[in-house]
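Remarks on the structure that follows.
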Amino acid sequence: MAFVQFSQVSLAFGDRDILKNVTINLQTGSKVALTGANGSGKSTLIKVLAGLTAPDSGERAVQKECRIAYLPQSGLTHHGCTLLQEADKAFQYGYDMQNKIDQLGAQLEANPSNMQLAEMQAELIQKLDDSGWHRRQSLAESVLLGLGFLRSDFDRNTEEFSGGWQMRIALAKALMQNPDILLLDEPTNYLDLEARSWLEEFLQNYKGGFLLVSHDRYFLDVTINEVYELFNGELKRYPGNYTHYEKVRETELKTLMAAYEQQQQEIQKLEDFITRFGYKATKAAQAQEYQKKLDKMVRIEIPESLKKIHFTFPPAPHAGRLVLRLNGITKSYDGHTNVLDKLDLTLENGQRLVVAGRNGAGKSTLLRIIAEQDSAFTGEILPGSGVKIGYFSQDNAETIKGSCTILEYLENIAPLDLIPKLRDMLGAFLFRGDDVFKSLDVLSGGEKSRIALLQLLLSPVNLLVLDEPTNHLDLHSKDVLLQALRDFGGTVVFVSHDRGFIEQLATQVLHLEPGKAMYYPGDYKYYLEQTEKQGGGSYASLPSFVSDSKASENKTSLPLETKSKDNNLSWEEQKKLESERRKKERALANLEQEIASLEEKKSELESKLADPQVYSNGEKAKSVQHEIETVSSQIEELSEQWLALSE
């Protein structure tokens, strides 16, 4: 079993501790999510794991011949060869192994009786066979097709691909290496839904271990079985999927928030005393003591995700029931096949329509036409009475320029009643503390994109047209945006590659294929049910270095309501399966309730241990500590049961 193990690893940048005595063990079969607030050091930790950044202290142990593949968030480009030639570079380990086999063969010819050389060669030959290297061409094609490339792309030069597709090439190469440990920093950033679905299945059945960072809750839930949270430089493990982690963490954070509020009250009292009496001779000594106490106090910090931020759009201007009607919309590029061909669509007030389909199907084109940003089409658009459109795309970032600060820029365009809420709204969109005083000229493309989205949300409109609004947001920011959109009083048309976001927002689905369109008058689960019945949604097959048996098993891990019944099962068998499913769901719910109850009990005991009447009494403190250890053990045992049952 291959492994990468860290023990008591620490790393600081200047006076800031990024990692403090971090311990983590990744091995064959590990399926790990790394989470934490933006800027907490997740990417740095992954670089340390990959051996690219040296820690200040601690031990890093990597099993001999353990192969590690690392994918950064961005910045990788490829040039000088075709796509297939670039893909073949992922198999360099096999070429190196073949060279060693050939060298050993030459030595054996000179010394045929050397059994040690023969055994070494046989071991390498077996390892090379097991790696799938001899099937590298079919493996490369399978991965590339799964990630959305076309066969016609295989002979294209890599420099012809855009930045997002460059990162897909890098992801494909990382997967094709078939390493013992995969380290993926936001691998879904540049993937559409189809490619994400393929990657989900790939990771579910991957034989090695992996650790990944992602802001897609659904993607995490179906791929990982343990979560490591990085907070204030410290790393803590939570067994179970991401949703389970959030439930357990929420209980912990309630206790933390209570302690934080109590500490804030104490700080306020001390500061008030120092301010009022610091200059009086009779109180000066006591004020100095209070100041020393303040200076020594270890301040409790609250994660941004605990600070509940909620905002609403300005009231949507009144509009009629009919918002928009599209009649015979046809659009082509450079005289080629129509991307949109005689598309008819009617939008009604209050709908939240997601436009789905593979890359190149015309999703963004349709949104630009609806938003009146593209007039080079045939057909007609009939807007309803009083319709006011707000449009967001990644291109909006290019319009944000100037030397004023972020806060000044938004204050100039925000309605008066929203100005007091701007700091909170900026915090929800990842501009915290002094970030709000950054000049627009120094912002990155992603930061400008978030400002453009927030700018749109400040405008009184009744039809929102959103093209990938969640691209540069973390999970907390997505939740804030999602709630605001669900509360929005108007109509929403959007494109997103975040399945969880789509499932919670969309009320209708429009599926596009080049020159074709299909309307589904139901939510995203309804759409999936219908496409499965129609035999749609097939993806490129998985490469053979993932387990075929596991692949077939994991197909049952999707929610049962998204699957059609097996026609070969009898009514009694179907009823039995349904009964077992409900029994399993009840058991999971009971375990979650027990875990939450124990977490509360643990929090109460920890608060009790902080009571001077307890910690000053050795026997009482020892008794409470023993109770805490017992409860912690019970929580761990129930969490393992929950994990086993959920799998």
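The values are calculated or read from the model by the stated rules, or taken from the named source; none is laboratory data. Note that the structure is a prediction, hence the values are computed from the model and not measured. Please note: Cβ atoms are built from the backbone with ideal geometry, for glycine as well, and neighbour counts cover all protein chains shown. For the accessible areas, the whole protein counts, side chains as well, though only heavy atoms, and no ligand, DNA or RNA atoms are used. Shrake-Rupley method; radii C 1.70, N 1.55, O 1.52, S 1.80 Å.
Data for the structure
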item	result
Order of exposure, largest accessible area first, which applies to Arg299, Arg217 with probe 1.4 Å	Arg299, Arg217
In sequence order, calculated HN-Hα J values of region 409-423 (Karplus, 6.51, -1.76, 1.60; Hz; x Gly/Pro)	4, 6, 4, 6, 10, 7, x, 4, 5, 9, 4, x, 9, 4, 4
Total formal charge among the other residues, if their Cβ is under 10 angstrom from that of Gly80, Lys/Arg +1 and Asp/Glu -1	-2
Cut-off under 5 Å, modelled amide H: who pairs with Thr491 long-range	Gly350, Leu463, Leu464
Whole-Å distance, taken between Cα centres, linking region 368-383 and region 440-517	20 Å
Computed FRET value (nearest 0.05) for Glu250 with Ala106, which takes r as the C-beta separation and R₀ as 56 Å	0.35
Backbone HN-Hα couplings from phi across region 195-209 [Karplus 6.51/-1.76/1.60, Hz, Gly and Pro as x]	5, 5, 4, 5, 5, 4, 5, 4, 6, 4, 10, 5, 6, x, x
Interchain or long-range residues, amide H under 5 Å from Leu324's placed H	Leu347, Gly384
Separation between Cα centres of region 1-45 and region 138-159, rounded to whole Å	33 Å
Förster-model FRET efficiency, 41 Å R0, Leu645 and Ser152, C-beta, rounded to 0.05	0.35
Whole-number percent relative contact order across the chain, with pairs defined as alpha carbons under 8 Å at least 6 apart	15 percent
Leu382/Gln264 FRET efficiency (R0 45 Å; Cβ-Cβ; nearest 0.05)	0.20
Simple spin-label estimate for Ser459 and Asn114 in nanometres, 7 Å along Cα-Cβ	7.5 nm
Ser113 - accessible surface, heavy atoms, 1.4 Å probe, Å² rounded to 10	90 Å²
Length released on extending from Met518 to Ala122, taking residue separation times 0.36 nm less the Cα-Cα span	136.9 nm
